[in-house]
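What follows is a set of notes on a single structure, which appears directly below.
Only the coordinates and a few stated rules stand behind these numbers; no lab work does. In this text, all values refer to a predicted model and were calculated from it rather than measured experimentally. Every residue, glycine among them, receives a Cβ derived from its backbone with ideal geometry; neighbour counts consider all protein chains shown.
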Amino acid sequence: MKIRSGVGMVLVAAVIAANASVARAQAPKGQGVIASTQVKATVTKINHQTREVTVKTDDGREFSFVADPAVKNLAQVNVGDVVTATYAEALAYEVKKGGTPDATQTVAGGTAAAGKKPAAAVANQVTVTVQITAIDPATPSVTFKGPQGNTRTIKVRDPEKLKGVSVGDTVVLTYTEALAIKVDKAAK
């Protein structure tokens, strides 16, 4: 599979820094779900002049791409080096008494220092506060009003979670995703 984009190396570098950003992000209180996945590939070919890189995963699949000029330190990458990409995401919520619908977004990232193996990370965190406008314990479901006035009704998986929740309460939803990428020297 050939990818003609600099996204490949940029994404690989982003996973490492993203994990650091997620760890530093303020964790919301309440319930949450976290998932992550990691992929490793070995550099099998690299042309530093054209910036074309080919990597091979453990299961034998090969991917080629042209590293964007924004990818720093490409000169430090050699055949045999291992590229590790990690993607993580989390969703958390907290029910609060009162409040008004609102939304914020924070993006953070970083790259490796000059002269080091390429590495980068990026994290995106979106927090949306929605207001409960209706509760139907028979279904069970909850209707929310968002910051732009839009409404949505969702089924509640665990009806016990509705105990103590009232119309007018707000729910703070925080979604975080992060991607970090790093290149390690080939094993000797």
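Need one word for the stretch 38-188: rounded, prolate or oblate. Basis is the Cα gyration tensor (sqrt eigenvalues a ≥ b ≥ c); a/c below 1.5 gives rounded, then a/b vs b/c decides.
Cα axes put the stretch 38-188 in the prolate bin.
Summing Cβ point charges (Lys, Arg +1; Asp, Glu -1) relative to the Cα centre of the stretch 50-112 gives a dipole of roughly 220 debye. When peptides 98-111, 166-179, 130-143, 149-162 are sorted by average Cβ neighbour count within 10 Å, with the highest value leading, the order is 166-179, 130-143, 98-111, 149-162.
Give the peptides 82-89, 49-56, 116-123 in descending order of average Cβ contacts within 10 Å, highest first. Can you show the working numbers first?
Numbers: 82-89: 19.8, 49-56: 16.1, 116-123: 22.2.
Ranked from most to least packed, the peptides come out as 116-123, 82-89, 49-56.
Sorted on the mean count of surrounding Cβ atoms within 10 Å across their residues, most packed first, peptides 32-38, 91-97 read 91-97, 32-38. Bridging of K161 to lysines at a Cα separation below 18 Å is possible for K29, K96, K97, once same-chain residues fewer than 8 apart are set aside.
Take the Cα of D102, step 7 Å along the line toward its Cβ, and report every residue of the stretch 146-168 whose backbone nitrogen sits under 16 Å from that point. Of the residues in the stretch 146-168, 146-149 have backbone N under 16 Å from the label point off D102. Placing unit charges on the Cβ atoms of the charged side chains and taking the dipole of the stretch 111-188 about its Cα centre, the candidate lying farthest along the positive direction among I132, L162, A178 is A178.
Bridging of K45 to aspartates and glutamates at a Cα separation below 12 Å is possible for E62, D81, once same-chain residues fewer than 8 apart are set aside.
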